[in-house]
């Protein structure tokens, strides 16, 4: 088939087939299969050292997998050098050429591929405007703020119309305000682009904000991959739910008998209409579903002794004990609690996640 | 604003004043004193004004020594800086090779100047030295004690051997502080090895290289011990650099006035070059 047809017929996609990465005797990535489609933003969500960066470097061609294959647009690109592929990457550190101006930095990938100078000017101008860098084109990176430096790096990644754009915790080194600002803009930047975006982050809130698809990753394994909201609302298993929860999810063992459920220490009991067999389960409750006030149609009380209460401007995080378990609750507004105080909190029963003995989600059919 | 008067602060400042006075100011003022006077025996002095300065600045002997000095320093920098960067680039970044290389590189720096001079003197002797004998054996007419060209060649070789390591170690430190992400970014852009060096490594090494050039400039411009032991400034005056010539004048001929004037001129040249060079290199840094 002539190459013309090939590119027309193949839908743009990036596929990892049984990709595995070992360094010495350590396994960094266990055999992994994942297929990313065109025009999607894909979030790799996992803690530090979960293998996000390794996975991205394998996707980019900066690192070779020990086993397995990488397919791009129906072509096996395993071992194909990164220079020969149309990839761009943005790092946690603000990586720009130190002796170049912002303009020269953004133009650098175009210059190497031999784009003529008029087109360079036009394309750099467009991207710079998109990223609010137009006024800084003649400055050097070290004259810019962290946010502007990262915008420059983003512009460099966007200007060359890559098929694959990899963002490795791009907001992690920014201070809070700049991070919020850029995080809101990010999804819009990729809206009309024919490319696959991969975004690695340690923060569940990033994934929710960005939307698209999310893969939860733990210790070198992809736990679950799907639409971000699906992964959040219906985690396949307890591990995925834990990765996608910050503050950490509350987990307790319960037993179900008819329509009555109770914690195994008998401290809390509630009616439930989930359609699962009677028996023992684990429940996962996200901190924002335990509040100092009633929320939802179906709540149940829990008594707690306050361990710590952390107040931020708009939220209150209360850690408390109930029986032998430690719990975390997240309420809106300022909810002042004293350490050691006995208090009553309300759990939103409809939002409980039920897991069976194999830690698989059983409600939310 | 109200200023608080606190005389106790003198406690902290006075020791520094005393130290600097004994360390730098008083010896320097002694030299200044000599440079404006004719010195006779028994502490008898006569005022001469700027006569010694004029004499030195106009003397052919000083011009020749300064010319040799500038040529020597220029050649040294031209060889040692690129060579040092080159060696640093080829040094391993991890594994057992790192300590081996670092120790090998530090060795020449640990050897006393005198010993280096003596070592190279023996090493280069045309009749018994390994280098001198070998060069003659393969057909070169090499004799550093009699031929000026050979004396220069040996002196430069000795200095390169002794001091390139310093540039290597500084460059290596600079290179190691570059985050791997920079190299990856360059790789993704498809930048060549040269472009990576030119646009990432070199700018990132700018500060340590500035330091390396400054140190090598000062050291080579003030070089004394090694050529003194190796050639004694000879043959004739071929390797009589500024320091060697200065010592000859001050201690050999006991011309204290002109020698003092020459010391000051020498000192100001070093100071001026360092200042100009440093301000040029750091101009952009200060702006940002």
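What are the residues in the range A:82-99 that are more than 7 Å from chain B (Cβ to nearest Cβ) and either in a strand (DSSP E or B) or in contact with a helix residue (DSSP H, G or I) (Cβ under 9 Å, 6 or more places away or on another chain) (or both), if any?
A:85, A:90, A:92, A:94, A:96 - these are the residues of the range A:82-99 that are more than 7 Å from chain B (Cβ to nearest Cβ) and either in a strand (DSSP E or B) or in contact with a helix residue (DSSP H, G or I) (Cβ under 9 Å, 6 or more places away or on another chain) (or both).
Of these, B:254, B:268, which one is part of a loop (DSSP other than H, G, I, E, B) and away from every other protein chain (no Cβ under 14 Å)?
B:254
Name the pairs: first residue in the range B:260-288 and under 24 Å from residue B:52 (Cβ atoms), second residue modelled with pLDDT of 90 or more, Cβ to Cβ under 6 Å, at least 6 apart or on different chains?
Final answer for the pair search is B:270/B:221.
Could you pull out the residue among A:32, A:53, A:48 that is at pLDDT below 90, crowded, with 19+ Cβ neighbours inside 10 Å and more than 14 Å from chain B (Cβ to nearest Cβ)?
A:32
When you look at residue A:102, is it more than 14 Å from chain B (Cβ to nearest Cβ), at negative phi and modelled with pLDDT of 90 or more, yes or no?
The answer is no for residue A:102.
Take residue A:62 and decide whether it is at pLDDT below 90, surrounded by 16 or more Cβ atoms within 10 Å (Cβ to Cβ) and either within 27 Å of residue A:126 (Cα to Cα) or away from chain B (no Cβ under 14 Å) (or both).
For residue A:62, the condition - at pLDDT below 90, surrounded by 16 or more Cβ atoms within 10 Å (Cβ to Cβ) and either within 27 Å of residue A:126 (Cα to Cα) or away from chain B (no Cβ under 14 Å) (or both) - is not met.
Report whether or not residue A:111 is within 12 Å of another protein chain (Cβ to nearest Cβ) and more than 23 Å from the chain's Cα centre (by Cα).
Judged against the criteria, residue A:111 is a match.
Go through the range B:180-194 and give me each residue that's part of a helix (DSSP H, G or I) and either at the interface with chain A (Cβ under 8 Å from one of its Cβ atoms) or over 30 Å from residue A:88 (Cβ atoms) (or both).
Once the filter is applied, which keeps residues that are part of a helix (DSSP H, G or I) and either at the interface with chain A (Cβ under 8 Å from one of its Cβ atoms) or over 30 Å from residue A:88 (Cβ atoms) (or both), the range B:180-194 yields B:181, B:182, B:184, B:185, B:187, B:188, B:189.
Is one or more of the residues making up the range B:278-287 in a helix (DSSP H, G or I) and crowded, with 16+ Cβ neighbours inside 10 Å?
yes
Here's a check for you: in the range A:118-169, which residue that is within 14 Å of another protein chain (Cβ to nearest Cβ), assigned to a loop (DSSP other than H, G, I, E, B) and in contact with a helix residue (DSSP H, G or I) (Cβ under 7 Å, 6 or more places away or on another chain) is nearest to residue A:92 (Cα to Cα)?
A:144
Can you report the number of residues in the range B:198-221 which are within 12 Å of another protein chain (Cβ to nearest Cβ), in a helix (DSSP H, G or I) and touching a helix residue (DSSP H, G or I) at 6+ places or on another chain (Cβ under 9 Å)?
Summing the residues that are within 12 Å of another protein chain (Cβ to nearest Cβ), in a helix (DSSP H, G or I) and touching a helix residue (DSSP H, G or I) at 6+ places or on another chain (Cβ under 9 Å) in the range B:198-221 gives 7.
Go through A:285, A:290, A:251 for me and flag whichever is touching a residue at least 40 places away in the same chain (Cβ under 8 Å) and either surrounded by fewer than 17 Cβ atoms within 10 Å (Cβ to Cβ) or in contact with a helix residue (DSSP H, G or I) (Cβ under 9 Å, 6 or more places away or on another chain) (or both).
A:285
Out of all the residues in the range B:217-247, which are within 22 Å of residue B:50 (Cα to Cα) and surrounded by fewer than 18 Cβ atoms within 10 Å (Cβ to Cβ)?
Once the filter is applied, which keeps residues that are within 22 Å of residue B:50 (Cα to Cα) and surrounded by fewer than 18 Cβ atoms within 10 Å (Cβ to Cβ), the range B:217-247 yields only B:247.
Being touching a residue at least 40 places away in the same chain (Cβ under 8 Å) and either surrounded by fewer than 16 Cβ atoms within 10 Å (Cβ to Cβ) or in a strand (DSSP E or B) (or both) is true for just one of A:338, A:303, A:326. Which residue is that?
A:303
The values are calculated or read from the model by the stated rules, or taken from the named source; none is laboratory data. Just so we're clear, the structure is a prediction, and the values are computed from it rather than from any experiment. Backbone-built Cβ (ideal geometry, glycine too); neighbour counts: all protein chains shown.
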